Amino acid sequence: MPQSDNQIRFPRILLLEPDSTLSSRMVEMLGWECQVSKQTEAINCQEESVYCQICHSCQVEGSCCFVLSSLRELHEFDLDLVDVVICSVNLQDGTGLDALAFVMGTRRMLPVVLTGDSSDAEMAVEAIRAGAADFLVISEWEIHALPMTVEKALVHQRIKLENERLQNDLSRSLSELGLKNQQLHAVITQLESMARTDDLTGMANRRWLNLMLEGCWADATRNDLPLACLMIDLDGFKPLNDQCGHQRGDELLRLAGRVIQTNCRSVDTTARYGGDEFCVLMPHTVAEEAQQVAQRILREFAVVTANMKEDEPKVTMSIGISHIDLSRPINASQLVTHADEALYAAKGAGKQCAMMHESEGVNVLLNAA
């Protein structure tokens, strides 16, 4: 009978049984028209084609069953040659549990059916816990169940292999999904950073400043907390930009940004407001602290620009300060407007200075000479 493509492959069985009479009977129960030549040799098919009653397929070449009698022979046997192991609990030089442990350590997914007589039935639970596919009591009646037991062991093996494959596929998919999520998170983080960052200075942009301003204003008014705002402008920047070029102007803008950020806290929002104008939003800051920060910025910028080339236009810095407790703005936008008014007052007072907007007007705070 020729073997078709959709038929199941002939199962290869290793029978580990020291009793030659019983092993022959078990082979007979399995349904092969074969005979044992030696205990350590395979049962060879006598005909060119043998029909297997277990899997209903045809094996033309090779051996279908191997018979061994000892644990030593098992250690020398290549377990890759078989699909299922039937092993007696009583061997010449060990126990079936020893054989089971060896098989599980060598080929974890190879199904093992342990066999014994009625006096060995108590070992069934221990055998199953140790990894056996089944435990069969060999008696005059139960031996007829051997083919079904083998069939069941093979079915269980296929189910275990499929489950393991699915588990591996799931683990791989979850790992890939985790990696994709990390990549997506990194992209989102990068996009969020780009959306709120000024490309030239690395400070916050005006859009992000407006968002932070609304949040800080709401927090300050709801919880009666101090809030300050600094508007900063570079004096003489346009002549420098026109005479020395945009590249030099960009260098000076980045320098101003670094000075401002260095002298502010991490909780402050430092932003490029537009052109050569900057803004600092300072939550939880009393007026005196805001003045001190403005003074430090003026002094440090004067120091870092002191060595500019003689033929370059002189660039200084003017700062306007507003505070929620002094100028009493009615909203967040007016807080910025008050700081901008103080800034223009500082420019009108001679530049290179800072001015605070108070309820009655603006006052000069510091000349950075």
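Observations
- Pairwise centroid distance, computed over Cα atoms, of segment 233-304 with segment 66-116, Å: 81
- Global geometry of segment 171-227, whether rounded, prolate or oblate, following the gyration tensor of its Cα atoms and the 1.5 cut on a/c: oblate
- For segment 323-338, Karplus couplings with θ = phi - 60° (6.51, -1.76, 1.60), whole Hz, Gly/Pro x: 9, 4, 8, 9, 7, 6, x, 8, 7, 5, 4, 5, 4, 5, 4, 4
- Label corresponding to volume of the Cα convex hull per residue in Å³ when calculated from the structure given, among (1) 281; (2) 181; (3) 142: (1)
- Label point distance in nm, residue 188-residue 157, each placed 7 Å from Cα along Cα→Cβ: 4.7
- Reachable aspartates and glutamates, given that their alpha-carbon falls under 15 Å from the alpha-carbon of residue 160 and they are not under 8 places away in the same chain: 83, 134, 151, 169
- Under the Karplus curve 6.51 cos²θ - 1.76 cosθ + 1.60, θ = phi - 60°, whole-Hz ³J(HN,Hα) for segment 227-234, x wherever Gly or Pro sits: 8, 10, 9, 10, 10, 10, 9, 8
- Set of aspartates and glutamates with alpha-carbon distance to residue 314 below 16 Å, sequence-local pairs under 8 removed: 233, 235, 242, 250, 251, 276, 300
- Degrees, to the nearest 10: 20-30 long Cα axis against longest axis of the chain: 70
- Burial ranking of peptide ranges 163-176, 219-232 (average Cβ count within 10 Å, highest at the top): 219-232, 163-176
- Fully extended contour minus Cα-Cα distance, from residue 128 to residue 25, at 0.36 nm per residue: 34.6 nm
- With Cα atoms, 0 to 90° folded angle of helix 146-196 axis to the chain main axis: 10
- Prolate/oblate/rounded call for segment 59-167, Cα gyration tensor, a/c under 1.5 rounded: rounded
- Here segment 329-359 is scanned for amide nitrogen atoms under 18 Å from the site 7 Å beyond the Cα of residue 314 along Cα-to-Cβ, giving 346-354.
- With Cα atoms, 0 to 90° folded angle of helix 206-223 axis to the chain main axis: 80
- Anisotropy class of segment 206-367 from Cα gyration tensor, a/c 1.5 cut: prolate
Every number in this text was worked out from the coordinates using simple rules, so none of it is lab data. All of these numbers come straight from a predicted model, not from anything done at the bench. A quick note on method: Cβ atoms are made from the backbone with ideal geometry, for glycine too, and the neighbour counts reach across all protein chains shown.
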